[in-house]
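The values are calculated or read from the model by the stated rules, or taken from the named source; none is laboratory data. Worth saying up front: this structure is predicted, and the values here are computed from it rather than measured. Ideal geometry is used to build each Cβ from the backbone, glycine not excepted, and the neighbour counts take in all protein chains shown. What goes into the accessible areas is simple: the full protein's heavy atoms, side chains included, and nothing from ligands, DNA or RNA. Shrake-Rupley method; radii C 1.70, N 1.55, O 1.52, S 1.80 Å.
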Amino acid sequence: MFLKHMMPDLFKTIAFRLTLWYAGIFSVSSCVAFALFYFLATQTLQEQIDRDLLEKARYFSTVIQRNGIMGASKLAIIEAQAAGEKKIFFRLLYPSGEVFASSHMSYWKDISVDHGALNTLSQTKGHVFKTWLIKPNDQKVRVLYSFVAVNVILQTGVAMDFQSQFMSAFKTVFMVAMGFIIIFSAASGLFLSKKALSGVKAITGTANSISGTNLEKRVPETGNQDELDLLAVTFNRMLDRIEELVKSIREMSDNIAHDLKSPITRIRGFAEIALVNMDDIDNYRGMAANTIEESDRLLDMINTMLVISKAEAGEGEFLYKPMNLSAMVQEACELFVPVAEDKCIDFTYEVADHVQINADSKMLQRAFSNLLDNALKYTNDKGRVHVDLRKDLDGFIDIRVADTGPGIDSVYFEKIFERFYRAESSRTSPGTGLGLSFARTIAREHKGNLVVASQLGKGTVFSMRLPYRNTQII
Ligand code: ADP
């Protein structure tokens, strides 16, 4: 059943259809070639017969000049007997059509004098050819009317036996040759199409052998740059992308599972402690408070994930309104001052006044807070963090958050913006790995971007650039 499903119906295969086409085209062109050959051959033979008949007429004309009508009458009988009375005949007539001498005519009795031909002959004074068909054998006869003396017309006809003989010989040759041509063209069509389609077979084979766990197989590339090679290259590229996607989905689900495990384990721990100390009402209160806190963290994480996914799918629900960006940045910085003070970080900010923008203020505030939170989180005690907001000359607003933290290796410059990515060294600090991914999504949603510049051991600068006019949104 499976095999039947996998093997395409023979009649539907391209190889079969190509074979049919090859055989069809070969046969039709051979038929045309044969027909052309037949036509030319019969034409040439007929021309030869016409020449022979004209020669005879000339001969009769010479004989009449030398020996008169009687000589010509005798000649008619002798010539017909010599060639065979079923092969040729001669009639001598007056222009009126009256026959005055002829060869032995019992075989040719069906062939009469064609008065139409005589009329044409009288007008042209040259010669007229006609082709007759004698029943019942449908034998063709070529007939010539020609003046051989003043007022004497020769009607002579010759059986065109050659044509039927040629036709039957030709039929045999044609049948045998066509048989060979059909077999040869089908075989070569099958061979060529199989050869041409072997690349497609390789691709189908690879596609069949690929499963969810086995994505590393690739189709051999010939490097010929032909259509099949390009198909193989495209197919391999597609596999590369799918492999990457599956890998990142796997990584992401591992990360989600890992990040959900810790808070749920903690919630379970609180419940266990409360169960052990059942009499202590304060314990219950503590457990409830901790559970709410952990649940909020979980909900926050899930909501952030949803915002990112929806925005990436173009289904983000954003509320754009004119807002004072300067005030928002200023207030957020003020909120983080105590955190900086706790770590004795030299925290400074420089914000250009009255920068207005059309944006979703809540989302933008969360995105900016993530950057500030990271800078203060990853910078060691007594380090420096500086924020500035300014309008660039190219029509963009630039919000820069610079720190003197550990810095980021340039190989991770793109990775850090992936969902759930956290550097090994950062795993000891709290976080979900969603902050930068969220911030970049929000910046891009506002037709801007978030980029990083960093030097290991020296520090990092995150720059959120937003179009000042923001025309797409307004
Ligand atoms: P989280 O901070 O929750 O781990 P983020 O998405 O905000 O997640 O950041 C991703 C990773 O980028 C962090 O784990 C950290 O390794 C790195 N990172 C972010 N900000 C900084 C920074 N200011 N300095 C050094 N590394 C940073």
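Each residue of the range 350-359 was assigned a 3J(HN,Hα) from its phi angle through the Karplus expression (A = 6.51, B = -1.76, C = 1.60, θ = phi - 60°), giving 10, 10, 5, 6, 6, 8, 9, 8, 9, 7 Hz with x at Gly and Pro. Candidate cross-link partners of Lys12 among the lysines, defined by an alpha-carbon separation under 18 Å and a same-chain spacing of 8 or more, comprise Lys4, Lys194, Lys195, Lys201. In this simple spin-label approximation, Asp138 and Asp254 carry label points 7 Å from Cα along the Cα→Cβ vector, and these lie 8.5 nm apart.
Cross-link partners of Lys74 among lysines, defined as those whose alpha carbon lies under 19 angstrom from its own and excluding same-chain residues fewer than eight positions apart: Lys56, Lys86, Lys87. Around the Cα centre of the chain, unit charges on the Cβ atoms of Lys, Arg, Asp and Glu (plus for the first two, minus for the last two) sum to a dipole of about 3580 debye. Figure legend: label point modelled 7 angstrom from the Cα of Asp226 along Cα→Cβ; residues of the range 156-200 with amide N under 14 Å from it are 191-200.
Using only the C-alpha atoms, the convex hull of the chain corresponds to 343 Å³ per residue.
Summing charges over all other residues whose Cβ lies under 15 Å from the Cβ of Arg422, with Lys and Arg as +1 and Asp and Glu as -1, gives -3.
3J(HN,Hα) along the range 218-224, derived from phi through the Karplus expression 6.51 cos²θ - 1.76 cosθ + 1.60 where θ = phi - 60°, amounts to 9, 7, x, 9, 7, x, 6 Hz, with x in place of Gly and Pro. Gyration tensor over the Cα atoms of the range 201-272: the corresponding equivalent ellipsoid has semi-axes (square roots of 5 times the eigenvalues, largest first) of 43, 11, 6 Å. What is the distance in Å between the Cα centroid of the range 246-269 and that of the range 399-474? A separation of 22 Å, based on Cα centres. Annotation: extensible slack from Leu275 through Arg237 equals 8.0 nm (criterion: 0.36 nm per residue apart, minus Cα-Cα distance). The apolar share of the surface of the chain, taken as the fraction of accessible area on carbon and sulfur atoms (1.4 Å probe, ligands and nucleic acids excluded), comes to 60 percent.
Which shape class applies to the range 234-390: rounded if a/c is under 1.5, otherwise prolate when a/b exceeds b/c and oblate if not, where a ≥ b ≥ c are the square roots of the Cα gyration tensor eigenvalues? Oblate, because a/c is 1.5 or more while a/b does not exceed b/c. What is the percent of Cα-Cα separations in the range 2-169 that go past 20 Å? Every Cα pair in the range 2-169 considered, those over 20 Å come to 61 percent. Relative to the 2.2 N^0.38 Å rule of thumb, the range 121-249 has a C-alpha radius of gyration ratio of 2.55.
Considering every alpha-carbon pair of the range 321-473, the percent of pairs per 10 Å bin, from zero through the bin containing the longest distance, is 11, 43, 35, 10, 0. Taking θ as phi - 60° and the Karplus parameters 6.51, -1.76 and 1.60, the scalar couplings of the range 37-53 work out to 4, 4, 4, 5, 5, 5, 4, 5, 5, 5, 4, 5, 4, 4, 5, 4, 5 Hz in sequence order, x denoting glycine and proline.
Grouping the Cα pair distances of the range 227-312 into 5 Å bins from zero gives a pair-distance distribution of 3, 12, 13, 14, 11, 10, 9, 7, 6, 5, 4, 3, 2, 1, 1, 0 percent in increasing distance order. Calculated FRET efficiency, Lys195 to Ala33, Cβ-Cβ distance, R0 = 30 Å: about 0.65 to the nearest 0.05. Think of it as helices only: each DSSP H run of n ≥ 4 in the chain is worth -39500 (n - 2.57), and spread over all residues that comes to -20000 deg cm²/dmol at 222 nm. Here the scattering of the range 169-214 is modelled by Debye summation over its C-alpha atoms, one equal scatterer each and no solvent; at q = 0.18 Å⁻¹ the log10 of I(q)/I(0) is -0.67.
Take 349-360, 109-120, 86-97 and order them by the average number of nearby Cβ atoms within 10 Å per residue, most first; the result is 86-97, 349-360, 109-120. Bridging of Lys391 to lysines at a Cα separation below 17 Å is possible for Lys447, once same-chain residues fewer than 8 apart are set aside. Max-minus-min Cα coordinates of the range 21-99 on each principal axis give 68, 25, 22 Å, with the largest extent listed first.
On C-alpha positions alone, give me the angle between the axis of helix 325-342 and the longest principal axis of the chain, in degrees, nearest 10. Around 50 degrees separate the two axes. Rolling a 1.4 Å probe over the heavy atoms of the protein chains gives the range 299-342 an accessible area of 60 Å² per residue.
Packing-based ranking of 51-57, 365-371 yields 365-371, 51-57, ordered from highest to lowest mean Cβ neighbour count within 10 Å. Full extension of the chain between Ser188 and Arg297 yields a length gain of 32.1 nm, computed as 0.36 nm times the residue separation minus the alpha carbon distance.
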